[in-house]
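Here's the structure we're looking at; comments come further down.
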């Protein structure tokens, strides 16, 4: 009987559903019907991981000591999927609100005088620094080993007709990489 009583959680009274009679002399007795609620609609007691309970108890006992992972991570937003062709075109050519907005937060770089976005690094200065670092790294690298032949005929036998192909040249010169466009210097107003 207790399991049946446990399943009967709510009682619905029909007097709220039926219209009331206007005369006070005729009183209608209230009828109460109990409707059992299915088990999948009843609140379930959730299984909690014992490690979480242990961590909660430790935090309750030592409120000053925070766990190592608390406020320790930095969340960064990154795109999860590649932007589709349709969305890319829509950003460029769509009407009004969906179109890319112009940047109005452009400033002059105090170092080189080119345009840059406010609160961002100047791309002209960044590219100059990258070039400087590449030159410095090239100086530190040892020269590649080159075979020395006592007889020039040996070189012709070992490497007959070796020429650099277009594809190899492109890969060496990195022409396939998309280059960032150069920033423009700020014009002085007259």
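Test of understanding: what is the full-extension gain from residue 93 to residue 57, defined as 0.36 nm times their sequence separation minus their Cα-Cα distance?
Going from the current span to full extension adds 7.2 nm.
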Sort the following peptides by mean Cβ neighbour count (other Cβ atoms within 10 Å, averaged over residues), highest first: 48-57, 104-113. 104-113, 48-57
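Could you list 84, 127 so that the one with the fewest beta carbons within 10 Å of its beta carbon is first and the one with the most is last? Mind showing how you got there, number by number?
On the way: 84 9, 127 14.
Sorted ascending by nearby Cβ count, the order is 84, 127.
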Order by neighbour count: 81, 116, fewest other Cβ atoms within 10 Å first, most last. 81, 116
Residues 163, 183, sorted so that the one with the fewest Cβ neighbours within 10 Å comes first: 163, 183
Taking the simple approach of a point 7 Å from Cα along Cα-to-Cβ for both residue 84 and residue 102, what is their distance in nm? 3.1
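Starting from the Cα-Cα distance between residue 153 and residue 125, subtract it from 0.36 nm times their residue separation and give me the gain in nm to one decimal. Please report the intermediate quantities before stating the final value.
Values: separation 28, 0.36 × 28 = 10.08 nm, distance 5.00 nm.
So the extension gain works out to 5.1 nm.
Just so you know, all these numbers are worked out from the coordinates, no wet-lab data involved. Here the structure is a predicted model, which means the values were calculated and not measured. For neighbour counting, all protein chains shown are included, and Cβ atoms are generated from backbone atoms with ideal geometry for every residue, glycine included.
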